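Right, one structure below, let's go through it.
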């Protein structure tokens, strides 16, 4: 009947892991840390509580129970300490006593409920980890114990997931991977292989459901997952765990080569979105602080290392993670790092720039990630969204950007309006302000037209459109850039955004250059919004600070913005701020006659203080077809503790629009030592096409998608 | 003529330091770090610029020049690398060329100006460090070089400080220590011992000026410096440097035993103010981020270790500093740490609780610092100011408190409104908002009466009064507390604040208990203000968030507070917030009939964005003689990245005022498991006195200054 061997480990592998115990390798540190965590938890009395709120004690306790059973099962095998097996068995017995006495939770939202948790997603997690733990300790249990636990926990759960909630089991969705992996692994653990088949091929074995269908359909050809990295890293853990199970128990699938290595491809895509410090950009309704240290990403990096090979960037990520998966896959990575560090210091990862296409065939736009390293080794990362709407989690921010350097996000994503697992904050669920603010266009680094949200905040309309890539060019050491169109996101309006990083010798860090072109038939109001953090240091224009403040608008997120101050730059506007140790200076202009800059802060119409209080400045202008152009210079250093401040003013002095038309845009940037002319094609043309445009009697000619000319200016010394 | 030996080092000592070069001891790490910093700086071309703005390039460059000459002088001796001597000599030659060609700066404030800097304070620093550097390299210079440098730099500077600015030289002030130390050290360096005498005994050798007068008069008997730790740590560096010079060159003074060891005493007082993470509380118009890692404090800890002995707390501080003074004094500390770490891990310092008296004879009130460690070893620190006004830097916050635990300040000091050395922010000087907001009573964790500042923001009135200590009691492991009166800070009003930390088994961290009693003849408005940071999680009362916001008031700091929301708790008010990883819950009440809680944020009437945007909540009530009572519970854990939240609600459910009169106050606190009755004496009486008060037909009797009774309550399970 029951398999009594561990699902994910052989005896030889266990012996290998045992050799790392007590060493200072990553695997040794991992084992040591897991033992400490488990020992702390085992000091508490065993508890299997009844129903509670999401994020409340009961919810957390069930989560801790499966987390620590999962660790204890493997630690029993690795350390040969019977106490860890006893812990798993005692807890399983307690669940066997109680599980069927719990009724299903009362349904509060659209998700089906479990007996332990308010949504079955969590019950899937419970089943997956507990089944793995069970497979590690079953050999030291009696037949009677095994029968009792299988019949009172595992079988009813399998029944619930594949019969009661059968309609959900085959749904293609990131949660679905948890469902199939849990069912498949549990089937193996209790010797009912039919559940493994069902998990791999779907309930009806017709490829419309099951793991293979999930991994074939969930990811774009680039490997990108449309809901963004935060949700991707959540799905990556069962994906990699179950792949490893199939590699061992269904070798005929050849899972790591399946569909042109979709597993490796999607892990690689996920990792390639991360900022240099390991945090994921909060694309699409996500936490701002999720990073590669997440356990799921640890599993993914370990699995990738074993089956697709290790390189310096993976080693750099493993160093940030400071852990590996406690499994033979993790051992491969741990040994590779040990070996590499004998030869050289492994630095921070410097992932290559990458454009990740979207949609089933990769034609629904893309997400662009450009990275450039400065002379001191710091990596600037520029992210632009010109892909598709992320389903229910989609933010309305096509052509939105974020920008990161010196260890911090500079042009920032607000992230979701949610306090995950904070029970007094609406049970840790999404808050009303998530819709009314965080997902609105104005909450992003984008242009909001006529104070309206893109696609009118209509999810089905947004799902039907996507960005159109123009170019993604990262070959040069001097300038990298990307450009895309979004022509269906506002009625009667086409938009093109072209963003660049330019390395100039005289500048400490790459200069962010941003050309946002809007082609309208009528006059519109354009709000070019910049979400920053820190302290305003200076501006080059007068503004009026309001004595009484009201909101910037009444809807589409504007109702949450306090209008603190505003002023009218006479020409190019300058706003400089200090974020932690670094100064940033923004210079912005447009092809229109007039503009106004608003300084805002979130927090209006927020009766439960659900929003964070965060500042932004918005460059507002009016026009028909318009080009908005700006730069952000990264400069100087401030250390309050040591009372040091250098280069607080920066070196870029101006940006002006020379001209723009349907063919090309030309802007000129002035710095202390140079004049930079940037010419950008505004038409979808071949890389080799020639452009010639004339503005103010001057003709600008260039080949390809864009060109930059840098002229040294005479120093006034 | 010229002494050609180093002022602060003997040949034997240099040889000892040389032995640490390349080792992993603190001294080895210090030497290594200094070499790297110096090498970085030496790669730049030599530059002696002309006049510039405070915080601008020129100012910083002169500062860097003396900093690196000071390092290079010693590194030349320690490493025997001629390049370091050459660097000092080349830079001195450049100063000799230019110094006398610079005119005095144009005077912009009340401080006398120098030729290099906008105020002579900085020129004193320059002279002190450069003289030390010169003494290290003079032996390898020619007579002609020495003569030129002495006559073109050092002698004119001595002339300026002791003749042109003679009136300032003998002033008793923290800046004065820099003046006398610089002059004395320079005199030694160029072989004019008369300047050393002048520096030690004053220009007129009559004890009204000079170093001995300074250190005799600047500090209270407790060692506290009235301007607070931020200014104290600035004065401590020349104090310790010059003490060490006198120990070596004027042994007859016996400086380390002078005036009952005033040097050791004041170093000890400074260190004992620091929070457990090494940061100094921002008492009196100070930076929030100044800490013991400041170079001056490094020198002080090293000097103290050599001359007064090392203990575990000093070792813990040295570990936070991760450096020592590159001097034989630092070597003592480095060796002590090395030896101690062979036996055991040195943890964070846990400084004893201490009451630091103020005033020349210690009778002008005090500053109280109470610390308590929780079961996990975390230290909570409670600070109350019941001393004197800190001269020009005085904040109007007598009876103000701050509270720190888990690595963060919870009830916070705003600190000064100043961006030190940030040139575009008013040259890095104090901003207007420092007076209009940061020094006002409402900016502090205190009670503001009738929306007025204490002492009407009148410095001379404030200088004439001080707090009156009532008790400072830290013997018990269960409860520690302090109490004081401030009876002259508002007309017709006496105030008493009694603050405690209570350790209850059921609570994770000590509970802060706060009884603020006001004795007024007339009806007043009391604003009991709490400066917190983070996100409001919940309240137990309804409040109205305003659709349009205006300021809470018109003057005394209120004009800078946006009135975001307010509501009326029906009984005890509860406000709970999340600061980084920890939840805090405040429960507050009063003996008055009604109250209102206001949620505010700084930023109004701040036309240059000089203030940080920070939240507060204010419990407002009206009454004559009133007792305001509150607790702050520290509880739970939140980690956004790992999506963990535990104990978000806390265990304290209520606080109520049982009664208060001229004899005593009684409050009752209810927690999940206990009822705590706290009785506090309201009269200045002996520790042994007996109290008996009757409220609501119940008589409360206790001996001494206060008593606590803890009764277990039945669990409802």
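Read-outs: derived from the displayed coordinates by stated rules, not from any lab. These figures come from a predicted structure and were not determined experimentally. Note that each Cβ is placed from the backbone with ideal geometry, even for glycine, and that neighbours are counted across all protein chains shown.
General remarks:
- Residue-span extension gain [residue B:216 to residue B:711] - 0.36 nm each, minus C-alpha spacing: 173.1 nm
- Evaluated on chain B, the Kirkwood hydrodynamic radius is 27.4 Å, with distances taken between all distinct Cα atoms.
- A crude spin-label estimate for the pair residue A:506 and residue B:476, with each label 7 Å from Cα along the Cβ direction, gives 6.9 nm.
- At R0 = 51 Å, FRET efficiency that the Cβ-Cβ distance of residue B:171 and residue A:289 yields, to 0.05: 0.50
- Take residue B:322, push a point 7 Å out from Cα through the beta-carbon direction, and compare it with the same point in every other copy: 1.3 nm, smallest first.
- Note: relative contact order over region B:1-218, using C-alpha pairs below 8 Å and six or more positions apart, is 20 percent.
- Spatial separation of Cα centroids for region A:1-38 and region A:274-301, in angstrom: 25
- Angle between chain B longest axis and helix B:120-137 axis [Cα atoms, degrees, rounded to 10]: 50
- Using a Förster distance of 51 Å, the FRET efficiency for residue A:164-residue A:673 (Cβ separation, nearest 0.05): 0.10
- A label point on residue A:110, set 7 Å along the Cα-to-Cβ line, lies at 6.9 nm from each of its counterparts in the other copies, closest listed first.
- Going by neighbour counts of Cβ atoms within 10 Å, the residues A:11, A:307 line up, fewest first, as A:11, A:307.
- Packing, as the average of other Cβ atoms within 10 Å across residues, places the peptides B:625-635, A:517-527, A:34-44 in the order B:625-635, A:517-527, A:34-44, highest first.
- Per-residue Cβ neighbour counts within 10 Å put B:339, A:192 in the sequence B:339, A:192, beginning with the fewest.
- In range of the label at residue A:252: residues from region A:176-211 whose backbone nitrogen is under 12 Å from the point 7 Å along Cα→Cβ: A:197
- Mean ellipticity per residue at 222 nm, deg cm²/dmol - from DSSP H runs of n ≥ 4 across chain B, formula -39500 (n - 2.57): -9500 deg cm²/dmol
- Inter-copy spacing of residue A:695 label points, which lie 7 Å from Cα along Cα→Cβ, given in nm from shortest upward: 7.5
- Residue-averaged beta-carbon neighbours from other chains (10 angstrom radius) around A:423-431: 3
- Radius of gyration, Dmax [region B:398-543; alpha carbons; angstrom]: 17.7, 52
- Listed from fewest to most Cβ neighbours within 10 Å, the set A:30, B:711 follows the order B:711, A:30.
- Dividing the mean sequence gap of close Cα pairs (under 8 Å, 6+ apart) by how many residues region B:546-678 holds gives a relative contact order of 20 percent.
- Working from Cα pairs under 8 Å separated by at least six residues, relative contact order for chain A is 8 percent.
- Note on residue B:37 and residue A:102: the model spin-label points, each 7 Å out from Cα along the C-beta direction, lie 5.7 nm apart.
- Evaluated at q = 0.06, 0.07 Å⁻¹, a Debye calculation over the C-alpha positions of the protein assembly as shown (equal weights, vacuum) places log10 I(q)/I(0) at -0.65, -0.90.
- Across all directions, the shadow cast by the convex hull of region A:138-252 built on its C-alpha atoms averages 7.9 square nanometres.
- Between 0 and 90°, nearest 10: helix A:82-98 axis offset from chain A longest Cα axis: 90
- Cα centroid separation - region A:677-717 against region A:371-398, whole Å: 26
- Partner shielding of B:641-652 amounts to 6, given as the average count of beta-carbon atoms from other chains within 10 Å of each residue beta-carbon.
- Principal-axis tilt of helix B:258-271 within chain B, Cα atoms, nearest 10 degrees: 60
- Cβ neighbours within 10 Å from other chains - mean over A:600-609: 5
- Label point distance in nm, residue A:570-residue A:661, each placed 7 Å from Cα along Cα→Cβ: 3.1
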